[in-house]
1. Tell me yes or no: at least one residue of the range 143-159 is among the acidic types (Asp, Glu) and either at pLDDT below 95 or assigned to a strand (DSSP E or B) (or both).
2. Kindly evaluate His171 against the criterion of being buried (at least 18 other Cβ atoms within 10 Å of the Cβ) and under 26 Å from Thr146 (Cα atoms).
3. Starting from the range 205-217, take each residue that is of a type in the set (Lys, Arg) and list its partners that are at pLDDT 95 or above and assigned to a strand (DSSP E or B), counting only C-beta distances under 6 angstrom and pairs at least six apart or across chains.
4. Taking the range 216-246 as the search range and keeping residues that are among the hydroxyl-bearing types (Ser, Thr, Tyr) and more than 25 Å from Asp165 (Cα to Cα), which one is farthest from the chain's Cα centre (by Cα)?
5. Suppose we filter the range 12-35 for residues that are in contact (Cβ under 8 Å) with a residue 12 or more places away in the chain and among the acidic types (Asp, Glu); how many remain?
6. Looking at (1) touching a Ser or Thr at 6+ places or on another chain (Cβ under 9 Å); (2) more than 18 Å from Ile158 (Cα to Cα); (3) surrounded by 14 or more Cβ atoms within 10 Å (Cβ to Cβ), can you tell me which one Leu212 breaks?
7. If you go through the range 161-213, how many residues are of a type outside the set (S, T, N, Q), assigned to a loop (DSSP other than H, G, I, E, B) and within 15 Å of Lys225 (Cβ to Cβ)?
8. Could you name every one of the helices (runs of 4 or more DSSP H) located completely within the range 1-98 that has at least 3 residues being at pLDDT 95 or above, among the β-branched types (Val, Ile, Thr) and touching a helix residue (DSSP H, G or I) at 6+ places or on another chain (Cβ under 7 Å)?
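The values are calculated or read from the model by the stated rules, or taken from the named source; none is laboratory data. All of these numbers come straight from a predicted model, not from anything done at the bench. Please note: Cβ atoms are built from the backbone with ideal geometry, for glycine as well, and neighbour counts cover all protein chains shown.
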Amino acid sequence: MKAIIIEDEEPARDLLRKFIEPFSDIEVIGEYIDGFEGAKAINQLKPDIVFLDIQLPRLTGIEVLELLDHTPMIVFTTAYDEFAIKAFEKNAVDYLMKPFSKERFAQAIERVKSRLNAKQPQENGLQQLTENFTAGSHLSRIVVRTPKAMVVIPVEDILYLEAQDDYIMIHTTESRHLKKQTMKYFEERLNTEQFVRIHRSYIVNVSHISKLEPYSKDAYIAVLKNGAKLNVSSTGYKSLKDILSF
């Protein structure tokens, strides 16, 4: 099995290497200390197993998962509390709670081998994990993988989100990016004092609205400061009235 370690703490990397060494069938093919480099390495090297810290520089371990086009077996190394651990347990990934013992590490390896031998798919479990982990908290940024780069978009740079079949087009002040996700996902995780679902196809950053113009009896057009015009449903209009107090 080929393995990658993504961990910013040197003592933790040393411990993982020490515990991996007795397993002759595991080869460590790379070590990385930040999420960006780790995500690129996973997609390029296609390891069988990744030891992934949750708290990393540049990108969190959860954000790393959103950038993968190759889905390895993930073993989290984490100092998170029991509440967060329950999210991991529900989604067919293992975790090592710091500080972890040699025996607990061996259990994780056996669990990984068992799943690899059974050819159990990981994609759905990891997608569900990212959704569980971010539920109940406001997004501060969105990560998007493009053919040329991995892009981190601060939410304050977003003008609006537009539904396009199974994807969301993220329109920013300088560019736009396509991400495979649902409107419901963003509606539940973006700050509702800043972002409003104004139409089945649009979520808008209210700070970028210039004016509202009537379109028909029960519909309006939101004109953004950059000149973009978005349809506003009657329900969306009521939501805007509540937020903007007009």
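1. no
2. So His171 fits the description; yes.
3. Short answer, once both residue conditions are applied: Lys211/Val223.
4. Only one residue tops the list, namely Ser216.
5. Count: 4.
6. (1)
7. Within the range 161-213, residues that are of a type outside the set (S, T, N, Q), assigned to a loop (DSSP other than H, G, I, E, B) and within 15 Å of Lys225 (Cβ to Cβ) number 1.
8. Values: elements: 10-20, 35-45, 61-66, 82-89.
Those helices (runs of 4 or more DSSP H) do not exist here; none qualify.
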